[in-house]
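Comments concern the structure below.
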Amino acid sequence: MQREDTVGVLKMKNKSIVLQIFSGGFNENKITFEAIEQKLRNILEKIDADKIIIGWSTKKEIYIKIKELLKDYDTELYLWIPVFSEIGILKDAVPSIDFKGEKVGSYTLQEGENFQFYCPTDKKNIQRFIEIYEENFDDIGFDGVFLDKIRYGSFSNGIDAVFSCFCTKCKELYKEKSLDLEALKKEINELKGGKENYNKIPFNITGYNKGVYEFKNSIWSGFFRLKSEIIYDTLLTLKDYFSSKNMKIGIDTFSPFLAYFVGQDLYKLQNIADFIKPMMYRITQAPAGLPFECDNLIKESIRGDLNEAKKRYLKIINSEMYNDRFPIKFVKNELGFMTASLKSDVYAGIEVNRKEPIANVYPEYIKENLENLNDTNIKGYVLSWDILSAPDENIHEITNYFCRRG
């Protein structure tokens, strides 16, 4: 059931472990190597980790030292870096525009992370991303890259962020792809006005199956499908770029039921990535958190009784009602069809950090996740979204669990 290697580390047979570290935003230099080293050794001396995901501070010496540290362990090092958000902090980038012609609003979670989204169609933005990578990270020798913010704005940015991008280039592309812009804008206004049953069911959804929705009006299917094609086509450029450097690619995604609305078609994106990390943040009250995003989906798209609309929506997606913790059964269902349908390895992203009141993560919650998800077919877990912010009792619960499992 277990083996002990030269550094006395217990190897869990069933699931792999990935550690995620937020070293700060692009312009931040607050995190020291010593703080990271202490946390890493405390974990790596007890359990194996297949990968370390770290970013995206431009403090290069931290990554160089971590790469040296990992020579003692059989662990790959991945650069965590945002693609369609945050890049405007370092470079002139083209913002995403909503259907009213205004710049999509941001959402400030923490310093260095503003969730300001940029147009995925405009090639200037991908060029700016590549420039940021080459100027700050290219010579470090990462084993791979972990692409974050590969999406449009979500409901946490407001409903108008979901109705994006409508810059000149995007509108031209929509017309080329035969998307009826006038019909789409009419339907957007119907939804925002709570008309045609939009005050009862978000987007007049009629069905949900394995990450794909059906709607009363097919204009929504066409719009969201086209957004996912734009994201995918743009990311193909990055796949070619990093593959030419012999680097592996991991991607950060929403859970499938939310990914649909932000341009993430997981069936397409599996062709980009060696592994996919769906953010199964069942308790997080911030972007990507399941209760936070789901509540905002209802609040932003419904003008009627929110509680009744929530009940109707959850029934459609076959989820139980929830308060502050998303149902584990639903998460297992989402992961189940992902692992059955996708060729890329799937690592469930679960919170281990504690950031009150945003992520009130305690050992009991971590144990609940691990015990329930261990019997799924996921490759493993990404301990998210920042192990530096995980208190000792949370780390202790993790290492004890995996050592017991052997």
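The values are calculated or read from the model by the stated rules, or taken from the named source; none is laboratory data. These figures come from a predicted structure and were not determined experimentally. Here the Cβ is made from the backbone with ideal geometry for all residues, glycine too, and neighbour counts use every protein chain on show.
Hey, among Lys277, Lys268, which residue is surrounded by fewer than 19 Cβ atoms within 10 Å (Cβ to Cβ), within 17 Å of Asp148 (Cα to Cα) and among the basic types (Lys, Arg)? Only one candidate qualifies: Lys268. Thr121 meets each of the listed conditions (1) in contact (Cβ under 8 Å) with a residue 60 or more places away in the chain; (2) in contact with a Ser or Thr (Cβ under 6 Å, 6 or more places away or on another chain); (3) not aromatic (Phe, Trp, Tyr) apart from (2).
Contact map, region 134-149: residues that are over 19 Å from Tyr232 (Cβ atoms) paired with residues that are hydroxyl-bearing (Ser, Thr, Tyr) and in a loop (DSSP other than H, G, I, E, B), Cβ distance under 6 Å, separation 6+ or inter-chain. Pairs shown: Asn136/Thr58.
If only one of Ala161, Ala183 is loosely packed, with under 15 Cβ neighbours inside 10 Å and among the aliphatic types (A, V, I, L, M), which one is it?
Working: Ala161 fails: loosely packed, with under 15 Cβ neighbours inside 10 Å.
Just one listed residue meets the conditions, Ala183.
Just one of the numbered conditions (1) over 27 Å from Ser228 (Cβ atoms); (2) surrounded by 21 or more Cβ atoms within 10 Å (Cβ to Cβ); (3) without any contact (Cβ under 8 Å) to a residue 40 or more places away in the chain is not true of Gln38: (2).
Residues satisfying the criterion are absent from region 336-344 (criterion: crowded, with 23+ Cβ neighbours inside 10 Å, small (Gly, Ala, Ser), within 24 Å of Trp80 (Cα to Cα) and touching a residue at least 12 places away in the same chain (Cβ under 8 Å)). Could you tell me whether Ile54 is at pLDDT 95 or above, under 23 Å from the mean Cα position of the chain (by Cα) and surrounded by 18 or more Cβ atoms within 10 Å (Cβ to Cβ)? Against the criterion (at pLDDT 95 or above, under 23 Å from the mean Cα position of the chain (by Cα) and surrounded by 18 or more Cβ atoms within 10 Å (Cβ to Cβ)), Ile54 qualifies.
Looking only at residues in region 201-237 that are under 23 Å from Asp295 (Cα atoms) and of a type in the set (Ser, Thr, Tyr), the one that is surrounded by the fewest Cβ atoms within 10 Å (Cβ to Cβ) is Thr206. With the requirement that a residue be in a helix (DSSP H, G or I) and within 23 Å of Leu306 (Cα to Cα), what does region 234-256 give you? Hit for region 234-256 is Pro256, nothing else.
Per the conditions (1) of a type in the set (A, V, I, L, M, F, W, C); (2) in contact with a Lys or Arg (Cβ under 6 Å, 6 or more places away or on another chain); (3) surrounded by fewer than 19 Cβ atoms within 10 Å (Cβ to Cβ); (4) under 13 Å from Tyr281 (Cα atoms), the sole criterion not satisfied by Ile328 is (2). What single numbered condition from (1) surrounded by fewer than 16 Cβ atoms within 10 Å (Cβ to Cβ); (2) under 23 Å from Asn14 (Cβ atoms) fails to hold for Met321? Among (1) surrounded by fewer than 16 Cβ atoms within 10 Å (Cβ to Cβ); (2) under 23 Å from Asn14 (Cβ atoms), Met321 violates only (2).
Looking at the structure I just gave you, is Lys379 in contact with a strand residue (DSSP E or B) (Cβ under 9 Å, 6 or more places away or on another chain) and basic (Lys, Arg)?
Spelling it out, Lys379 is indeed in contact with a strand residue (DSSP E or B) (Cβ under 9 Å, 6 or more places away or on another chain) and basic (Lys, Arg).
Criterion applied to Glu364, Glu356 was being of a type outside the set (Ser, Thr, Tyr) and either within 22 Å of Asp265 (Cβ to Cβ) or modelled with pLDDT of 95 or more (or both), and the one residue passing it is Glu364. So in region 89-122, with the set limited to residues that are among the polar types (S, T, N, Q) and either in a helix (DSSP H, G or I) or farther than 23 Å from Lys192 by Cα (or both), which one is modelled with the lowest pLDDT? Here the residue is Gln110. Within region 369-387, can one find any residue that is more than 30 Å from Lys343 (Cβ to Cβ) and not in a loop (DSSP other than H, G, I, E, B)? No, every residue in region 369-387 fails to be more than 30 Å from Lys343 (Cβ to Cβ) and not in a loop (DSSP other than H, G, I, E, B). Looking at region 303-317, which of its residues are part of a loop (DSSP other than H, G, I, E, B) and either touching a Lys or Arg at 6+ places or on another chain (Cβ under 9 Å) or among the small types (Gly, Ala, Ser) (or both)? Matches in region 303-317: Arg303, Gly304, Asp305.
Just give me the residues in region 327-368 being of a type in the set (Ser, Thr, Tyr), part of a loop (DSSP other than H, G, I, E, B) and under 16 Å from the mean Cα position of the chain (by Cα), in sequence order. The answer is Ser344, and nothing else.
Tallying residues that are of a type outside the set (A, V, I, L, M, F, W, C), exposed (fewer than 15 other Cβ atoms within 10 Å of the Cβ) and under 19 Å from Asn197 (Cα atoms) within region 304-318 yields 6. Under the condition of being closer than 24 Å to Ser23 by Cβ and loosely packed, with under 14 Cβ neighbours inside 10 Å, the residues counted in region 392-405 number 2. Looking at region 346-355, can you tell me whether even one residue there is touching a residue at least 40 places away in the same chain (Cβ under 8 Å), of a type in the set (Gly, Ala, Ser) and crowded, with 18+ Cβ neighbours inside 10 Å? There is at least one residue in region 346-355 that is touching a residue at least 40 places away in the same chain (Cβ under 8 Å), of a type in the set (Gly, Ala, Ser) and crowded, with 18+ Cβ neighbours inside 10 Å. Within region 289-302, identify whether any single residue is in contact with a helix residue (DSSP H, G or I) (Cβ under 9 Å, 6 or more places away or on another chain), part of a loop (DSSP other than H, G, I, E, B), surrounded by 15 or more Cβ atoms within 10 Å (Cβ to Cβ) and not β-branched (Val, Ile, Thr), and answer yes or no. No; the residues of region 289-302 include none that is in contact with a helix residue (DSSP H, G or I) (Cβ under 9 Å, 6 or more places away or on another chain), part of a loop (DSSP other than H, G, I, E, B), surrounded by 15 or more Cβ atoms within 10 Å (Cβ to Cβ) and not β-branched (Val, Ile, Thr). Here the condition is being closer than 27 Å to Cys119 by Cβ and of a type in the set (D, E, K, R); of Glu300, Glu308, Glu320, it holds for Glu300 alone.
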